[in-house]
Structure formats: C-alpha cells, structure tokens
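See structure below.
The values are calculated or read from the model by the stated rules, or taken from the named source; none is laboratory data. This structure is a prediction, so every number in the text was calculated from the model and none was measured. Positions of Cβ are generated from backbone atoms using ideal geometry, with glycine treated the same way; all protein chains shown enter the neighbour counts. Accessible surface areas use protein heavy atoms only, side chains included; no ligands, DNA or RNA. Shrake-Rupley method; radii C 1.70, N 1.55, O 1.52, S 1.80 Å.
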Amino acid sequence: MSLDSWTSGPDGIRKDIKNPYSSGCTFIIGILAFGVFGSIASLFFGVMFLTAEDKLFPGFGFFFCISLVTIFIITMRSYRKASHIVKTIEIQTNTSLLSLRETGKSDVELSLSEFISYLVLFRAERSSSTGNSINSNSTWKYWDIYLVYRDGSCILLETFRDGNSLKEGLEFFKTALPLPVLDRSDLKLTNPESKEIPYKQDPKKIEPSAWVKTESKDQGTKIEIIEPKSIGKTFITMLVPTLFYGAWFTVVNSFLENSENLIFLIFIVPFSVFFLGITTVMTVFILFRKTEVIANSLELKLRYSTRIPILSSLLYKERSIPLSSIRNVRTIRMEQDNQILCVALKSPNGLKQRTFLDLLYNVQGVNLSSKQLAGDAELLGIITLGSWLPKGPGYSDLVYAENVLESVLNLREESLTFSDLASSPKK
C-alpha cells in the first residue's frame, strides 16, 4: 500500500504483485489461529464428547473445530499451489500502452490514450482487535486510485492509508500518465488538468483461454467462463451450510432442554427465522447460484438458477435487458483482488419489473455502488472471478468476454469523458 512496490524506468513504471496469502504474516497467523487453536479446541471437545453424558454440544463443537482446521488446510494448500503466480501492471510510456500480465494467463494491453481519468475512492473497513484496549474495534481507512477507461471500466492502481501518501501517489502516476483527477473522497483533489497522450502502438489482441466457452443457444450466443472444479472446493461448499445449520440445531436443542421456561420461546423463534433466513439465502443464492449469459442483436438475457436440483426449476428467474437500456459493458479490477464483468444500464427500463427473487439472486459480497458513474441507472455484476487460484480463468478472460458481448449485441457504447464523470459526483 505504498509506492515502494513500484519501480520506475526509462520506458515507464511497473508493479509486480505476488500472492499475499501463500506465505508471510497471513500464513503464520492462519497456522496459529486455525492450526494450533483449532487442534487444541478439537482435543478439548473430543474429550468432552467421550466423557460427558450430553453428546450433542461437545459433538458439534468437535465437528466445528475439525471443519475449520480442514477448511484452512484446503484453502492454504490452494494458495500455496498458486505461490508462483505474479501479477504485473505496467504503464509503458515508450509504447503508450497499459500492460496487465499474470502468470499462466494471456496479457491484456490497453492504449493509454483511451483512459480518461484517475478516480480516487475512499472506503473504511472495521477491524476487531483482540487487544486489551478499551475500544478494541477500530476502523481502517483506505484511499484507492483507479484508472478509468473510456467505457467506464476501472482498474485499481494502488491503495493508500493516509491522505499525504495519496497525494504523493497521484503526483507519481501523473508523471507517467498525465490524466485529470476525479476525487470522490474527502480530500478535494479533483483536478481537470491533463496533457494529450499520443497513440503510438496497437494493443495486443486478447487470446481466449480454455476457460472461456461460447456456443449458440436460443437464437443468440451464450458465453460462459468455466469455474475450476476440485474436490477441496466442493467439500468446502458442502461443509459451510452444514456448519451453519448444525449450529442452529445445537442452539435450538439447548433451548428446548429448558422448555419448562417458556420465556426462551420469545428468543428462539425470531432467532431461528433470522438465522435460518440468512443461512438459506447464503446457501441457495450465493454458494449454489448459477448464471447464464446469452446475448443477441436485440437484448441481453441473464438466466438465474440454483445448482440444487429440487430448487433449480422452482427458483428459476430470467432477466431480459433490451439493447436500448445498455450503456456499457465493463470489466472492473478492484480491491480485495475482485475481478468483475459488469453491465451498466443507462435507463431504469430493466428495473421496472424487478421482483424479490431478482434481489436475492443479486446478493453479492462485492459492493459495486462506489464504481457506479454519473449517468448509470444501475451497475449490474454478472460474472465474478476469484483470484490467486493455481488454475482457472483470469482478467484476460473477462476482457475477452466483454468484447464478445459487445460484438454480439452490436453495442454502440457511450464513450465517456472526464466532463461526464465530473458532471454529477457520487459519494
């Protein structure tokens, strides 16, 4: 989160990013928290299970601790397999290209003359500390610098923890790429000054990987980015809802053991509705969600369903977005290593018939509201990729999918300018 990770040279500036989860403090803390604590807790609950008369609570405690240790081992093993992956972002002044590279993936090149602005966004994340301070909860503040492409696509350049570092960062980037600055944070750094960036070289054509699949379907073209499958990932997907439902059953059973005191019913009923509601939404509409993306010359169809066989037909939902409502198709590289393919709508045409099921299928762990630009009626994420996986699709596949959708739709995207972005600043 500083300029120390950037290197300058006669041909531009670059930054190499290694997998932060495969080693270092994150790995050591994970071993201590999950490995050591989980093993001790598993031993404790295991002894209780063998010696206590009531088997349910210690049995679930043992299962819970063993499950956490197992999930940690599978996750860390996956990250360790991806420890060789390096992501590079380079602003090449000699060719006037932005180059995005990742080990084992196709390169993405974009012309610097097609970028319209730097975008500064502020975000705050709450962090809970285990220290002995009176106020153990603290708020971490971040300022992110994005590059905004002419279609509204955003690429995260760097993140800073204080305003002074942010100002230094902007000056550093503007020496290589003199774009105007749009500041949506509280620092009031908006600056429309810029210099013309020459066009020197054509960007490299993006080659699709084996993880991108296109086929003809329902008088249109279906595009799919295949998710890598593994026994460990499948096991975790099945284990997580089991832990939540098991926790609910254990708590309810403890309440029912004291059924002579009816006051418990006042708490157990709302608790069950709230807890089971969140767990079910998470299981059905997040873990097992399936999205089909089909485009033709008239509209974009998003077909939502769930991979749970019994519910797949019952909870099926299709959303049709007419071509006239589509402003842009965008790719976004953002914080937390999230990479998302989005559709920006320019009118609320596609919003009039929204149902509760639509909202449930669009429950996301990724908040896109801050990436919504002036003139966007809605920014809808349709494909989200995980990062730092040993194998699977990458950012280049999202960009390729974006190009395919634009071609099939024959979409005339709005070419945005800095004036468009600054016309109605969003906070």
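How many residues does segment 49-69 hold that are in a helix (DSSP H, G or I) and over 25 Å from Pro241 (Cβ atoms)? Full working, then the answer.
Of the residues in segment 49-69, the ones in a helix (DSSP H, G or I) are 49-51, 56-69.
Now drop any that are not over 25 Å from Pro241 (Cβ atoms), which leaves 50-51.
Count: 2.
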Residue among Ser419, Ser407, Ser387, Ser423 that is closer than 18 Å to Glu299 by Cα and either out of contact with any Cys (no Cβ under 8 Å at 6 or more places or on another chain) or open to solvent by 60 Å² or more (accessible area, probe 1.4 Å) (or both)
Ser407
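Can you report the number of residues in segment 283-316 which are part of a strand (DSSP E or B) and either among the polar types (S, T, N, Q) or surrounded by 15 or more Cβ atoms within 10 Å (Cβ to Cβ) (or both)?
Step one: of segment 283-316, the residues part of a strand (DSSP E or B) are 289-295, 299-306.
Narrowing further to those that are either among the polar types (S, T, N, Q) or surrounded by 15 or more Cβ atoms within 10 Å (Cβ to Cβ) (or both): 289, 291-295, 299-306.
Residues meeting the conditions: 14.
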When both residues are 6+ apart or on different chains and their Cβ atoms are under 6 Å apart, which pairs have a first residue that lies in segment 396-418 and is assigned to a helix (DSSP H, G or I), and a second that is aromatic (Phe, Trp, Tyr)?
Asp397/Trp211
Here the residues within segment 333-382 that are under 20 Å from Leu398 (Cα atoms), among the β-branched types (Val, Ile, Thr) and modelled with pLDDT under 90 are Val366
Quick one: count up the residues across segment 136-176 that are open to solvent by 40 Å² or more (accessible area, probe 1.4 Å), assigned to a helix (DSSP H, G or I) and farther than 13 Å from Leu189 by Cβ.
2
Say whether the condition of being in contact with a Leu (Cβ under 6 Å, 6 or more places away or on another chain), free of Cβ contacts under 8 Å to residues at least 60 places away in the same chain and of a type in the set (A, V, I, L, M, F, W, C) is met by at least one residue in segment 377-394.
yes
Across segment 13-48, the tally of residues that are in a helix (DSSP H, G or I) and either open to solvent by 70 Å² or more (accessible area, probe 1.4 Å) or on the phi < 0 side of the Ramachandran plot (or both) stands at 24
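Name every residue in segment 83-109 that is hydroxyl-bearing (Ser, Thr, Tyr), open to solvent by 30 Å² or more (accessible area, probe 1.4 Å) and either out of contact with any strand residue (DSSP E or B) (no Cβ under 7 Å at 6 or more places or on another chain) or at positive phi (or both), in order of residue number. Explain how you work it out, then say what you get.
Initial filter on segment 83-109 (hydroxyl-bearing (Ser, Thr, Tyr)): 83, 88, 93, 95-96, 99, 103, 106.
Now restrict to residues that are open to solvent by 30 Å² or more (accessible area, probe 1.4 Å): 83, 93, 103, 106.
Selection gives Ser83, Ser106.
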Any residue in segment 69-85 that is hydroxyl-bearing (Ser, Thr, Tyr) sitting within a Cβ distance under 7 Å of a residue that is surrounded by fewer than 16 Cβ atoms within 10 Å (Cβ to Cβ) and assigned to a helix (DSSP H, G or I)? List the pairs, counting only those 6 or more apart or interchain.
Ser78/Gly232
Whichever residue in segment 73-91 is at pLDDT 85 or above and not β-branched (Val, Ile, Thr) and, among such residues, is nearest to Pro198 (Cα to Cα):
Glu90
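Among the residues that make up segment 179-187, is at least one of them on the phi < 0 side of the Ramachandran plot, without any contact (Cβ under 8 Å) to a residue 40 or more places away in the chain and either in contact with a strand residue (DSSP E or B) (Cβ under 6 Å, 6 or more places away or on another chain) or not in a loop (DSSP other than H, G, I, E, B) (or both)?
Initially, segment 179-187 is screened for residues on the phi < 0 side of the Ramachandran plot, giving 179-187.
Still in the running and without any contact (Cβ under 8 Å) to a residue 40 or more places away in the chain: none.
Within segment 179-187 (the criterion being on the phi < 0 side of the Ramachandran plot, without any contact (Cβ under 8 Å) to a residue 40 or more places away in the chain and either in contact with a strand residue (DSSP E or B) (Cβ under 6 Å, 6 or more places away or on another chain) or not in a loop (DSSP other than H, G, I, E, B) (or both)), the answer is no, since none of the residues qualifies.
Let's see how each residue does on (1) of a type outside the set (S, T, N, Q); (2) surrounded by 13 or more Cβ atoms within 10 Å (Cβ to Cβ); (3) more than 30 Å from Phe115 (Cβ to Cβ):
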| residue | (1), (2), (3) |
| --- | --- |
| Lys222 | yes, yes, yes |
| Ser230 | no, yes, yes |
| Phe235 | yes, yes, yes |
| Trp248 | yes, yes, yes |
| Asn253 | no, yes, yes |
| Leu265 | yes, no, yes |
| Ile268 | yes, yes, yes |
| Leu276 | yes, yes, yes |
Six or more apart or on different chains, Cβ atoms under 6 Å: show the pairs whose first residue is in segment 236-254 and within 10 Å of Thr283 (Cα to Cα) and whose second is open to solvent by 30 Å² or more (accessible area, probe 1.4 Å).
Thr237/Leu287
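Can you tell me which residues in segment 317-328 are over 19 Å from Thr355 (Cβ atoms) and surrounded by 13 or more Cβ atoms within 10 Å (Cβ to Cβ)?
Step one: of segment 317-328, the residues over 19 Å from Thr355 (Cβ atoms) are 323-324, 326-328.
Leu323, Ile326, Arg327, Asn328 - these are the residues of segment 317-328 that are over 19 Å from Thr355 (Cβ atoms) and surrounded by 13 or more Cβ atoms within 10 Å (Cβ to Cβ).
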Pairing a residue in segment 296-316 that is closer than 20 Å to Gly381 by Cα with any residue that is among the small types (Gly, Ala, Ser) and open to solvent by 30 Å² or more (accessible area, probe 1.4 Å), where Cβ atoms lie under 6 Å and the two sit 6 or more apart in sequence or on different chains, gives Glu299/Ser320; Lys301/Ser320; Ser305/Ser312; Thr306/Ser312
Please specify each residue of segment 168-213 satisfying the condition of being among the hydroxyl-bearing types (Ser, Thr, Tyr) and in contact with a helix residue (DSSP H, G or I) (Cβ under 6 Å, 6 or more places away or on another chain).
Tyr199, Ser209
Complete set of residues in segment 49-82 that are within 27 Å of Trp388 (Cβ to Cβ) and open to solvent by 40 Å² or more (accessible area, probe 1.4 Å)
Phe64, Ile66, Leu68, Thr70, Ile73, Ile74, Thr75, Arg77, Tyr79, Arg80, Lys81
